[in-house]
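Accompanying notes for the structure given below.
Every number in this text was worked out from the coordinates using simple rules, so none of it is lab data. Note that this is a predicted model, so its numbers are computed, not measured. Backbone-built Cβ (ideal geometry, glycine too); neighbour counts: all protein chains shown.
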Amino acid sequence: MTARNPTKQQLLDAALPHVIFDGWSDACFCAAAADAGVDLQEARALCGRGPVDLAVAFHQAGDQKMLERLAEVDLSAMRYRDRVALAVRLRLEVVGDKDYARRGSSLFALPQHAAEGARLIWGTADAIWNVLGDTSDDVNWYSKRATLSAVYGATVLFWLGDESDGDAATWAFLERRIENVMQIEKLKAQVRKVPALDRLLDATLGRVRAPQTGPMQDVPGRWSGERTRTR
């Protein structure tokens with residue numbers, strides 16, 4: 001796992017042994033600063049939220065590691081659903097010790113950090129869709145990421161309690177969740193075949209657009225004044 005800032009990387013590396021026992025806590029953060037030889041005030045200046053920032057860095061580094069692992073795999077011969085399943089599986093495998101994720105789940109389950117946890121899961125789903133070549137720019141951009149976020153979150157919780165050999169039960173659970181998603185997609189396609197419903201969906205959702213890739217990345221999306229249809 002790597003963080004972008006070298007000093008933060010030192011803190012993250014030093015924190016991991018303490019996370020197992022102390023969680024992503026202030027005690028863990030202080031111990032990491034001491035072990036890394038980083039002045040505590042400097043560490044707090046770099047990580048304004050202390051251990052929360054380290055937990056975020058750990059999660060984001062896991063996303064990057066997943067992308068690196070996917071780049072080593074020939075995905076061309078795989079079904080799209082199998083590519084998604086592989087990405088989720090690799091994302092869990094790069095975590096290493098489950099206690100890192102278990103402690104992180106406990107941290108981001110707290111009310112004051114729940115929004116951050118949701119943002120991280122959404123970021124993981126977004127990274128997966130982007131690397132798999134998703135080009136949707138309408139409401140499907142949101143629905144794909146929301147659906148995969150739910151699949152990923154549920155799979156993580158199952159995985160944390162999985163004691164099967166090689167986490168086989170988790171991968172079977174993941175396949176079932178993806179099958180559920182495929183059934184939803186089939187239903188959406190059937191709805192689109194009904195002219196009245198198709199027009200209704202187009203009138204209500206046809207103007208929703210994915211976030212811009214330019215300078216307006218701080219907003220969740222945009223609304224187009226011109227009516228278009230993109231599927």
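Would you calculate the separation in nanometres between label points at Ala154 and Asn130, each defined as 7 Å from the Cα along the Cα-to-beta-carbon direction?
For the pair Ala154/Asn130, the computed spacing is 2.6 nm.
Measuring from label point to label point, each 7 Å out along Cα→Cβ, what is the Ser143 to Glu42 span in nm?
Computed distance between label sites Ser143 and Glu42 equals 5.2 nm.
Which of the chymotrypsin sites (Phe, Trp or Tyr not before Pro) found in the stretch 69-135 are loop residues per DSSP with 13 or fewer other Cβ atoms within 10 Å of their Cβ?
Answer in residue order: no site qualifies.
Can you work out D for the stretch 1-105 in µm² s⁻¹ from Stokes-Einstein, where Rh is the Kirkwood radius over C-alpha pairs, the temperature is 20 °C and the viscosity is 1.002 mPa s?
147
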